[in-house]
């Protein structure tokens, strides 16, 4: 579903992503791990079409994100990091606007809006202004937006950052549910989350993929260490 | 086309969700209302000190353009600068919508609000043209004063406004702060207004005057639009600068993807 080949991204002189390649088959939930500044967000932004890669290619469901951006973006539900929203709109207004942007007809829109409001527990706040919502609810609005057009691929950048433990647990449950229908790439810092929700991990460090495989494979390869130990060893931060 | 309409709708309604729109509307009405009062006083004054062209007194005046200078930047400053500042540009540019549609949607939204700004001034028109309504049939309506200067003035105002909005939109795509966007677009717009303030010091036959006449919007209104003349040079200037700034805005969005 997601194919990335030799992706390179420069910010001026600085090379943020240095030849990342990976493949995510249909129906997989992939945990995208790496320390801060490793290039996770940059890679995801290239996939979602917000940034154009300096070289390399990426395909979503067969559509190249650089040469066929509109069709590729239709396949993706993307939730950016820290989830920016328009504070002056109400939740339903915002979702209606996003549905319009994604080209949904009104009948489809009504059906999908009911579905995402239900699925993301937004029913109680649907008339509220986005600006008055707590961080957890805002995150859910972002997730609802990603789900709106029922895309086959979900790309979620730190969906549980800044949530309280109850909300993290709820979100994780939701992600596991969604993983049964959608191919998913989710970045996170919480390793236990990956162990619970994902079936494959990709660890990225200094703009390069250092580990890629199913959870069992990776564990076996590293003599059954915990994911945390593997992560620390691979990203060279042992002893800090 | 559905994404474009959704964006136009959101941009237009967003004006009414912020105080900026109401403040702009109020200030604009205050200024045009005052000018209207001055014109009426001039028109009803007995003797030879009256007004030859009512629209000229309204729109050909430098004072009006000095206030007008602030209006389009206030309308355009948030369009892209705000989205860049708060990061919502990321969700906008990753939805299945082309860059030119993003720019067109924002521009059309701003233009619609600009039309709304002028809408209340239509109330002055029947009085300014000394209109009589004997009945509901438009054929029986008549004007005491030639109505065509009013039509050409509105045409000029809408097209010149489009040009200033285009400039503002482009500047807004370059910076992250709304305040900076507003100030820079005011300075750029000043180029098209300032020349009129030098007019009293210039020989109207000189080469300098003839050159600045090309880009001086208040002069276009004083000499042509408010007197019922449509000079194609002005329309071409407004149209080409609007299209050029919109093109630059699309390019500016594209380059944003390449850089960061």
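Every read-out reported here was derived from the displayed coordinates using simple, explicitly stated rules and does not represent laboratory data. The structure displayed is predicted, hence computed values, not measured ones. Virtual Cβ from ideal backbone geometry, glycine too; neighbours counted across all protein chains shown.
For this structure, a couple of remarks:
- Computed E for residue B:23/residue A:92 - FRET, C-beta separation, R0 22 angstrom, nearest 0.05: 0.20
- Residue B:2/residue B:118 FRET efficiency (R0 22 Å; Cβ-Cβ; nearest 0.05): 0.15
- Here segment B:2-259 is treated as a sphere whose radius is the Kirkwood value from Cα pairs; by Stokes-Einstein at 4 °C and 1.567 mPa s it diffuses with a coefficient of 66 µm²/s.
- Sites residue B:210 and residue A:189 - FRET efficiency at Förster radius 45 Å, r taken between beta-carbons, to 0.05: 0.10
- Placing dummy labels 7 Å off each Cα toward the beta-carbon, the span from residue A:70 to residue A:5 is 2.5 nm.
- The protein assembly as shown: C-alpha gyration tensor shape, a/c 1.5 cut-off, then a/b vs b/c: prolate
- Computed over chain A, the quotient of the alpha carbon radius of gyration and 2.2 N^0.38 Å is 1.01.
- Ordering B:145, B:167 from the fewest to the most neighbouring beta carbons within 10 Å gives B:145, B:167.
- Rounded to the nearest 10 degrees, the inclination of helix B:19-44 to the longest alpha-carbon principal axis of chain B is 10 degrees.
- Euclidean distance between Cα centres, segment B:222-255 to segment B:121-155, Å: 28 Å
- Relative contact order of chain A: 27 percent, from C-alpha pairs under 8 Å at least 6 residues apart in sequence.
- Our estimate of slack between residue A:132 and residue A:119, defined as 0.36 nm per intervening residue step minus the Cα-Cα distance, is 2.6 nm.
- Spatial separation of Cα centroids for segment A:175-234 and segment B:202-221, in angstrom: 69 Å
- Spin-label model, residue A:107/residue B:31: points 7 Å from Cα along the beta carbon direction are separated by 5.0 nm.
- Angle between chain B longest axis and helix B:232-259 axis [Cα atoms, degrees, rounded to 10]: 20 degrees
- Beta bridges by DSSP in the protein assembly as shown, antiparallel share as percent, to the nearest 5: 60 percent
- As a proxy for reagent exposure, A:11, B:114 were ordered by neighbouring Cβ count within 10 angstrom, fewest first; the result is A:11, B:114.
- With Cα atoms defining each centre, segment A:30-47 and segment B:62-111 are spaced 30 Å apart in the structure.
- Distance between modelled label sites at residue B:255 and residue B:100, nm, 7 Å Cα→Cβ extension: 2.0 nm
- When A:57, A:41, B:173 are arranged by Cβ crowding within 10 Å, least crowded first, meaning fewest neighbours, the order is A:57, A:41, B:173.
- Prolate/oblate/rounded label for segment B:125-254 (Cα gyration tensor, a/c 1.5): oblate
- Extension gain (nm, one decimal) between residue A:166 and residue A:14, 0.36 nm per residue minus Cα-Cα: 50.8 nm
- 0 to 90° range, to nearest 10: angle between helix A:91-101 axis and chain A longest Cα axis: 70 degrees
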